[in-house]
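Notes for the one structure printed next.
FYI, it's all coordinate maths here, none of it is from the lab. The model shown is predicted, which means the values in this text are computed figures rather than measured ones. In this analysis, Cβ positions are derived from the backbone assuming ideal geometry, glycine residues included, and neighbour counts consider all displayed protein chains.
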2 protein chains.
Amino acid sequence: MEILIAKNAGFCFGVQNAIDKAERVAEEGRGVYTYGPIIHNRQVVENLKSKGVDVKDDIDEVKEGDKIIIRSHGVPKKEYEELAARGSEIIDATCPYVKHIHKVVEEKSKAGYKIVIIGDPSHPEVKGINGWCDEKAVIINGEEDINKIDSKLHRICVVSQTTFNEEKWYSIICRLVRMAREMLIINTICNATELRQKETMELSKQVDVMIVVGGKESSNTRKLFEISKSNCDNTIFIETAEELDLSLVKGAKKVGITAGASTPDYIIQNVVDKIKEIDVENEKVSS
Amino acid sequence: MEILIAKNAGFCFGVQNAIDKAERVAEEGRGVYTYGPIIHNRQVVENLKSKGVDVKDDIDEVKEGDKIIIRSHGVPKKEYEELAARGSEIIDATCPYVKHIHKVVEEKSKAGYKIVIIGDPSHPEVKGINGWCDEKAVIINGEEDINKIDSKLHRICVVSQTTFNEEKWYSIICRLVRMAREMLIINTICNATELRQKETMELSKQVDVMIVVGGKESSNTRKLFEISKSNCDNTIFIETAEELDLSLVKGAKKVGITAGASTPDYIIQNVVDKIKEIDVENEKVSS
Ligand code: F3S
Ligand code: F3S
């Protein structure tokens, strides 16, 4: 039996990078915290805690000497200053793609552009971005928000939350282009999600059985399941290896595995290990 | 009878400015030429000729000491150099709005943006603009041209021919935004046409008779006629004062006048003078 794991299954580059950083810092000693949960996955947060990385949600909890990890979402500019003022050591794990957006909005707002962020105003990433242009961005989450933009503006710079839906982005942009004479439009949607979906599409065409690993509540994982199911009838949706009914995999020549954005690598590995129990002699794992 | 003349009837600011410049230079002496006809209106060109301003269409005709007027459309950068190399004196009457586009495409192409011009590739203004980014712009005149854009481009700067249709511009832009991650979109459509139409709309609502002056072949004048007719049934379309049938104007309390983009002021004035013949005692002209 051949087991094929999608290259971009599970965490994106930015989240993996933040977790790796947190683990490395924890090895150096105590007093290590992430500023907010590193990802919306209880197991990952618990796992980090067991390695000595706890969560501080509120800046008021931060004490002198704390090592504070800024997660991949990033934070507003003034929170760096507040964290530093409290005497904590900042370990910046902001995803470089998000950091790039911070730079753009800081530079362009200084150059006289009104900043528009296409995204969910309650999302920490969006709040973080807004904190790099003095919290003066107009935030647009849907076409109904477009009238928030002052029609007398001349220069607008538009960026997106990295996980915003691409088609929704384009339909908002088409309305936005009428709002100002000069528009700098920077599509900062991250392709991690698209890549994961594309790979799932390709992989599910080649295998007899496809396993999608991720939270049942996770919309990005459910999307992977739908994509896979459309190509491969034998698609199985599980949260953990324990859920996997091996009788469904038995007899398959090729098994594909993909995973949602908040599925840690070790859960994927557990699934692989369980499948290998079926035929320990005749295995071949490619990734 | 009250005669109301639309403020933006006839020439736009840029064309009027070029004609004024040509007339001033002609007063100073001989050897004055426009580089190409100043506007597509035979009477205007003939009138300038009678004042000593002839047309040179070909750069090879330009001689040392010639005073060469660059018309409102502008010309490519290298033609300034060629004109200077021939020892001519350049009088630059490029419309400042067009000059601004030249600056933008020169600056942005140097900054690494691929330039896209939305406009008619055979129009002298578009050729001129392209001549400020080393003739390397992609020129798009309709949605069918969009596939001319290399899909691997990262940064695109889009400008428009000043007389491009606004709705057509937006529908092209909506397709374009998918072509690159970073787009600087500068709507350089001039509002002279829109202003002329808006004023015609307003004026035609207030008057008993509306007179639209301009070439029967001129699409922008015909558009003014349609707008006016929709508000004022007594709308008259004439090319010159001679064509005006005064019996149609007699008895009106308010007469409005507007004119297409290539109608010179003196033709409008002739129309005013002819109407005044009706009631020389009781006149009042506002503009
Ligand atoms: S956090 Fe992840 S989703 Fe993209 S922007 Fe960074 S790789
Ligand atoms: S030539 Fe006229 S149409 Fe506008 S761009 Fe200049 S005022």
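Electrostatic tally near residue B:29: other residues with Cβ closer than 14 Å to its Cβ, Lys and Arg +1, Asp and Glu -1, net -2. When Rg and the Kirkwood radius Rh are both evaluated on Cα atoms of segment B:13-95, their ratio Rg/Rh stands at 0.93.
All Cα-Cα separations within chain A were binned at 5 Å from zero, giving a P(r) of 1, 5, 11, 13, 14, 12, 12, 11, 9, 6, 3, 1, 0, 0, 0, each value a whole percent of the pairs. Measuring between their Cα centroids, segment A:117-142 and segment B:202-244 lie 50 Å from each other. Sorted from closest to farthest, the other copies place their residue A:250 label points 10.8 nm away, with each point set 7 Å from Cα along Cα→Cβ. For segment B:97-185, the residue among B:97, B:172, B:156 whose Cα projects farthest onto the positive side of the dipole built from Cβ charges is B:156.
Value of Rg to Rh for segment A:212-256, rounded to two decimals, is 0.96; Kirkwood radius and Rg both from alpha-carbon coordinates.
Inter-copy label distances at residue A:84, shortest first and taken from points set 7 Å along Cα to Cβ: 4.8 nm.
Qualifying GluC sites (Glu not before Pro) in segment B:113-161, where qualification requires a DSSP coil assignment and no more than 13 other C-beta atoms within 10 Å, comprise B:135.
For residue A:115, the residues whose amide H sits under 5 Å from its own are A:138, A:157, ignoring neighbours fewer than 5 places away on the same chain, with H placed 1.01 Å from N.
Calculated mean residue ellipticity at 222 nm for the protein assembly as shown: -11500 deg cm²/dmol, from DSSP H runs with n ≥ 4 weighted as -39500 (n - 2.57), summed, divided by the residue count and rounded to 500.
Peptide B:185-196 has a mean shielding of 2, counted as Cβ atoms of other protein chains within 10 Å of each residue's Cβ. By Cβ position, the chain A residue that hugs the axis carrying A onto B most closely, with its distance in whole Å, is A:174, 2. As a proxy for reagent exposure, ranking B:154, B:102 by other Cβ atoms within 10 Å from fewest up yields B:154, B:102. Isolated cysteines of chain A, defined as having no other cysteine beta carbon under 4.7 Å away, are A:12, A:95, A:133, A:157, A:190, A:232.
Relative contact order, whole percent, for chain B stands at 22, derived from Cα pairs under 8 Å and 6 or more residues apart. Applying the Kirkwood pairwise sum to the alpha-carbon positions of the protein assembly as shown produces a hydrodynamic radius of 29.2 angstrom.
Checking every one of the GluC sites (Glu not before Pro) in segment B:198-287 against DSSP loop status and a limit of 15 other Cβ atoms within 10 Å picks out B:217, B:277, B:281, B:283. The label point for residue A:40 and the one for residue B:273, both projected 7 Å from the Cα toward the Cβ, are 7.7 nm apart. Rg over Rh for segment B:97-185 works out to 0.92, both radii taken from alpha-carbon positions and Rh defined as the Kirkwood radius. Neighbour counting of Cβ atoms within 10 Å sorts the residues B:246, B:176, fewest neighbours leading, into B:246, B:176. Distant-in-sequence amide contacts of residue B:211, defined by a placed amide H-H separation under 5 Å and a gap of 5 or more residues or a different chain, comprise B:236, B:256, B:257, B:258. In nanometres and ascending order, the distances from the residue A:107 label point to those of the other copies are 1.5 (point 7 Å from Cα along Cα→Cβ).
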